[in-house]
Structures are given as C-alpha cells and as structure tokens.
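Below is one structure, written out as structure tokens, with a few remarks after it.
The values are calculated or read from the model by the stated rules, or taken from the named source; none is laboratory data. From a predicted model like this one, the values you see are computed outputs, not experimental measurements. As a convention, Cβ positions derive from the backbone with ideal geometry for all residues, glycine included, and neighbour counts pool all protein chains shown. Heads up: the accessible areas ignore ligands, DNA and RNA and are worked out on the full protein's heavy atoms, side chains in. Shrake-Rupley method; radii C 1.70, N 1.55, O 1.52, S 1.80 Å.
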Amino acid sequence: MEFQDWSNGDEIKRQAQQISWDDFFGMGKSDKTIFLNNSRTRNPFHVLFSQQFNRRILDLICQVAEKAREIRKDRRDGRRFLRDLLFDVHALNFFAQPSSRTFLSFGTAQKYLGMDREDIRDPSISSEAKGESWFDSVRTFSAYADLLVLRHFDKDAVEKAAWVLNKSDRRIPVINGGSGPDQHPTQALLDIYTLYRAFGGKIDGKTIAMVGDLARGRTVRSLAYLMKNYEDMQLVFVAPERLKMKVDIKSFLLRHNIPFYETDDLREVIGEVDATYMTRIQDEHDKGGKKDEPAPVDPRFQFKFEYLDLMREHAVILHPLPKRDEIDLRVDDCGDPRVAYWDQERNGVYTRLALIATIFEKEQEILNF
Ligand code: CP
C-alpha cells in the first residue's frame with residue numbers, strides 16, 4: 001500500500017522534510033499539528049497527542065465507531081464489507097511496555113478491517129538491542145509496514161517516529177498507543193466515545209471527577225486535554241497531595257476557561273458529578289519498575305460499594321483499567337448500568353477501528369454503508 005498524503009501540501013512537505021529534530025521538538029503542539037494531520041482532509045495522519053483533535057474530528061470518530069458497531073451486527077455482508085476496506089494495509093504494533101487492552105483492541109480492530117499485522121512486544125529481540133538508534137529502527141519498521149502503532153516508555157518516542165517518517169519516502173502513519181507517563185490519546189478517544197454512548201451523544205455540560213494517580217496517569221492527562229472541545233465542562237481532581245494533577249494540565253485548562261477544583265475525598269463529590277473516572281495508583285514508578293506487593297489504596301480514593309447509592313441516576317463510572325483495589329469488587333458485577341468500565345474496554349475496539357479507517361480515508365465509506 002502506498003499512502004503518502006502530502007497532496008495539496010507541497011509547502012508543508014518541504015518544511016517537514018527540512019525541519020531539524022530540535023526545532024520540531026521545540027514547537028508548540030498546535031503549531032506542530034500541520035505536520036501531523038492530513039493536509040487535505042485535516043484529519044489526523046499521525047496520532048501523537050490529544051491536542052490534535054477538534055470537535056469535528058471527535059464527533060466524526062464517535063459516529064464512525066457507532067456505525068461500524070452497527071455494521072458488524074450484519075454477520076455476513078457487514079463483516080465482509082469491513083474486512084475488504086483495508087485488506088492491503090499491513091500494521092506493525094510495537095509495544096515496548098506491558099499492555100492488554102490497547103494491544104488487543106488495536107489488533108482486533110485491525111482484524112475487523114481485514115488488515116495484516118505484525119507484533120513486536122519484546123524490544124530486546126529487535127535490533128535496538130544492538131545499539132541501533134530509535135530513528136533508524138523506525139525507518140526500518142516503515143520498510144515493512146503501512147501503519148505503526150507504538151507504545152513506548154520514552155515519552156518522545158512517537159514524536160521522534162513521526163518526525164523521521166515525515167522526512168522519509170515511506171511516510172507511514174504513526175499512532176501513539178501510550179507514551180511514558182505523558183499521553184494516551186487513543187484511550188482518551190475511547191473514553192469520549194464511552195461518554196458519547198452513555199449520554200446519548202451529549203457530552204457538553206458534564207462534570208467529570210478524575211480520581212487517583214493524576215500526576216502519572218497518561219489517560220487522565222489526555223482526556224483533560226480533550227475537554228476544550230466541549231461546552232461548559234467541569235473537572236474535579238481527587239488525588240493525594242503527592243499525586244495531584246500537574247501544572248501543565250491545570251495551565252491548559254485555565255487558558256481554555258475550563259473550571260476545575262481539587263479535593264482529597266471522593267465521597268464529598270460523588271453525588272455531584274456526571275462521570276467518575278477512577279485510576280490506579282501507579283506505584284511501579286516509585287520502585288523504578290520493581291514489582292513489590294502493592295500497598296492498599298487510601299480509602300479516600302476508593303470507589304466504595306455504597307457510593308452507588310450516592311451517585312446521580314444518569315452518572316457513570318469509568319476506568320481505563322487495569323485496576324486493583326480502587327473499586328470495591330462488588331461493584332464489578334452488581335448489574336448497575338452505570339458501571340461503564342467493561343463497556344469502555346470493548347469501545348476501544350470500535351474507536352480504534354474508526355480512527356484507523358479515518359487515517360486511511362475510509363470513514364465516509366463506513367458512514368455510507
Ligand atoms: N488502558 C490501557 O492502556 O490498558 P493496557 O495497559 O492494558 O493497554
């Protein structure tokens with residue numbers, strides 16, 4: 001598959017090929033977006049961070065995801081139609097950090113779209129282990145693939161990949177599947193799609209509590225950035241002192257007039273919010289990656305079973321997962337429709353399918369099916 005997309009963008013292409021890594025890295029996120037988006041459709045080509053997304057694209061992704069879900073219910077013609085869409089596209093999924101959901105849902109979405117795929121989950125067996133630079137590794141990946149999905153402990157690995165591919169004659173799209181403690185934009189997209197489904201397409205005007213490890217949680221960081229695309233949103237940050245949301249996100253919210261406040265007790269706010277986004281305390285960062293027995297979660301940041309009685313009738317509980325003890329186990333299978341995190345996992349397949357289809361300009365075919 002040859003898919004370069006520099007159409008109508010010759011000047012952008014020239015600039016992208018000349019810019020140094022240091023200059024590219026130093027640019028603001030919004031200035032960088034012209035080098036990442038499709039210059040004709042204005043949709044993302046590389047997907048690196050949440051700031052690339054506007055309301056039009058978010059609504060489009062939700063609509064395409066919803067339509068693809070419906071198409072797959074037609075087990076014969078619908079599934080065959082989807083499988084024919086990208087049969088000539090070969091994906092390489094390079095996951096240098098552990099993953100269940102992101103890895104499996106990308107793979108499932110690729111399968112639904114008829115794509116071929118190659119997976120690398122152990123970087124110690126690729127030639128980086130022999131001292132190859134990351135830039136050279138990425139160029140090498142692009143020789144054998146048409147799409148690169150990356151999860152990496154280096155928060156800048158995906159930007160480096162997009163920069164080097166923009167200069168190459170095999171400019172294949174790169175999707176960030178989680179970049180260190182920084183961003184997880186496709187998780188944020190599936191969170192938005194989950195809210196879209198939970199609230200009948202109406203996300204505007206909602207208040208979302210984000211709970212737990214907000215300092216190191218890339219999912220909450222990416223979701224917070226997306227809030228600027230919706231009207232009258234409010235955020236409540238519920239975190240221990242040392243794990244509070246970082247100043248870069250707070251400054252962003254202030255610049256975009258998105259009100260937020262902070263508390264250290266979930267019980268105080270559980271009855272006032274429309275969505276509660278629980279997260280795990282990421283104590284692996286405290287131990288340099290060593291796995292000790294995790295400390296029990298502080299009860300002030302735990303979703304207790306009785307909170308179901310305090311929640312608003314229409315409110316939902318989300319969690320990017322994996323989880324430990326931050327949600328009472330009895331909540332998992334209580335049958336309350338407000339427990340949305342199992343659906344959220346499944347929504348990842350359709351969101352990632354919609355995103356890949358949009359990158360390869362197949363979204364209208366899906367919508368018109
Ligand atoms: N939510 C999430 O990124 O899960 P995995 O780490 O299992 O991919």
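Could you tell me what percent of the accessible area of the stretch 303-369 is made up of carbon and sulfur, with a 1.4 Å probe and every protein chain present?
Working: 1410 of 2910 Å².
Here carbon and sulfur together make up 49 percent of the probe-accessible area.
Within the chain, what is the longest stretch that has no GluC sites (Glu not before Pro) placed in a DSSP loop and near at most 16 other beta-carbon atoms within 10 Å? Intermediate results must be reported in sequence, preceding the final value.
Working: sites that count: Glu2, Glu132, Glu231, Glu272, Glu306, Glu313, Glu361.
Longest site-free region, per DSSP loop and neighbour criteria: 3-131.
Around Glu159, under 11 Å between beta carbons, what's the net of Lys plus Arg minus Asp minus Glu among the other residues?
Details: positive: Lys29, Lys32, Lys155, Lys160; negative: Asp154, Asp156, Asp182.
With Lys, Arg at +1 and Asp, Glu at -1, the neighbours total +1.
Counting heavy atoms of the protein chains only and a 1.4 Å probe, report the per residue accessible area for the stretch 48-193 as a whole number of Å².
Working: 5580 Å² over 146 residues.
Dividing the accessible area of the stretch 48-193 by its residue count gives 38 Å².
Loop-only chymotrypsin sites (Phe, Trp or Tyr not before Pro) in the stretch 65-94, please: DSSP not H, G, I, E or B, and at most 13 other Cβ atoms within 10 Å. Numbers along the way, then the final one.
Details: sites: Phe81, Phe87, Phe94; in loops: Phe87.
The qualifying sites are Phe87.
For the chain, with only Lys/Arg (+1) and Asp/Glu (-1) charged at the beta-carbon, what is the dipole magnitude about the Cα centre, in debye rounded to 20? Don't skip to the end; give the middle numbers.
Numbers: 56 positive and 60 negative charges, 137 e Å.
For the chain, the charge dipole is close to 660 debye.
Could you tell me how many degrees, from 0 to 90 and to the nearest 10, lie between the Cα long axis of helix 341-359 and the main elongation axis, the longest principal axis, of the Cα atoms of the chain?
Once rounded, one gets 20 degrees.
How far, in degrees from 0 to 90, does helix 55-73 lean away from the longest principal axis of the Cα atoms of the chain, to the nearest 10?
The helix 55-73 is inclined about 90 degrees to the chain.
Once you put a point 7 Å from the Cα of Phe135 and another 7 Å from the Cα of Thr108, both along the Cβ direction, what distance in nm separates them?
Once both label points are built, they end up 3.9 nm from each other.
Give me the 1.4 Å probe accessible area per residue for the stretch 217-282, excluding ligands and nucleic acids, in Å².
42 Å²
At a Förster distance of 22 Å, what's the computed FRET efficiency of Lys202 paired with Asp328, Cβ-Cβ distance as r, to 0.05?
Values: r = 29 Å, r/R0 = 1.32.
Efficiency at R0 = 22 Å is approximately 0.15.
With 32 Å as the limit, write out which pairs from Lys111/Lys202; Lys32/Lys362; Lys111/Lys244; Lys130/Lys246; Lys13/Lys250; Lys13/Lys202 have Cα-Cα distances beyond it, or answer none.
Numbers: Lys111/Lys202 30 Å; Lys32/Lys362 25 Å; Lys111/Lys244 39 Å; Lys130/Lys246 36 Å; Lys13/Lys250 34 Å; Lys13/Lys202 38 Å.
From Lys111/Lys202; Lys32/Lys362; Lys111/Lys244; Lys130/Lys246; Lys13/Lys250; Lys13/Lys202, over 32 Å: Lys111/Lys244; Lys130/Lys246; Lys13/Lys250; Lys13/Lys202.
Distance in nm between label sites at Ser168 and Tyr261, each 7 Å beyond Cα in the beta-carbon direction?
Result for the modelled spin labels: 5.1 nm.
Please identify the trypsin sites (Lys or Arg not before Pro) of the stretch 318-357 that satisfy two criteria: DSSP loop assignment and at most 15 other Cβ atoms within 10 Å. Which are they?
Numbers: sites: Lys323, Arg324, Arg330, Arg338, Arg346, Arg352; in loops: Lys323, Arg324, Arg338.
Within the stretch 318-357, the qualifying trypsin sites (Lys or Arg not before Pro) (loop, at most 15 other Cβ atoms within 10 Å) are Arg324.
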